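Everything below concerns the one structure shown next.
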Amino acid sequence: MLASALAGAMGAFAFAVLIRVPRRDLFLAALAGLLSGFVYAAAGAIGLHDIAQVLLAALAAGGLSEILARLRRAPATVYLMPGLIPLVPGLLAYHAMYALLRGDYVMGAALGVETVYWAAAIGVGIALVLTVSRAVAPPRAPAGNPPARREQ
């Protein structure tokens, strides 16, 4: 479980460097990857299905990203994108494509559907966190910018 979490942190850190996350936020982006890797592994250890593991890990990464965004007054995507990297079903998609190329269409289709389920679980997790966070505490205006007035 610890190895999975550390691998998630390293992958998230590398991706954060790749997409040029500001230096002050690199450690926090890696922390989001560490959390998603840990939640995924912990959910697997208690016997949850793969899709439920991904959903819970996406919820955790999204929740942490929203909290960090509010505390640091930065966009949530700075932390969310690297935090979701450990959950991306790249190997599963590769195996699906490889099975299709070998002519094993049944296995390719089954793995392709599983890949879509993983991606949907990530999307649902992000959407739930964003919906709840916006309903509970709407985002504040950035420092120095007064809120826009509405014409009546």
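The values are calculated or read from the model by the stated rules, or taken from the named source; none is laboratory data. Note that the structure is a prediction, hence the values are computed from the model and not measured. A quick note on method: Cβ atoms are made from the backbone with ideal geometry, for glycine too, and the neighbour counts reach across all protein chains shown.
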In the set GLY112, GLY123, GLY108, GLY144, the lone residue that is at pLDDT 95 or above and surrounded by fewer than 14 Cβ atoms within 10 Å (Cβ to Cβ) is GLY123
Based on what the data block shows, is ALA29 farther than 25 Å from VAL116 by Cβ, crowded, with 24+ Cβ neighbours inside 10 Å and either without any contact (Cβ under 8 Å) to a residue 24 or more places away in the chain or of a type in the set (Gly, Ala, Ser) (or both)? yes
Those residues of region 33-51 which are in contact with a Pro (Cβ under 6 Å, 6 or more places away or on another chain) and of a type outside the set (Ser, Thr, Tyr) amount to GLY33, GLY37
Output for region 49-103, where each listed residue is among the β-branched types (Val, Ile, Thr), surrounded by fewer than 22 Cβ atoms within 10 Å (Cβ to Cβ) and in contact (Cβ under 8 Å) with a residue 60 or more places away in the chain: ILE51
May I ask you to verify whether ALA52 is out of contact with any strand residue (DSSP E or B) (no Cβ under 8 Å at 6 or more places or on another chain), at pLDDT 95 or above and assigned to a helix (DSSP H, G or I)? yes
In region 11-26, which residues are assigned to a helix (DSSP H, G or I) and crowded, with 16+ Cβ neighbours inside 10 Å? GLY11, ALA12, PHE13, PHE15, ALA16, ASP25, LEU26
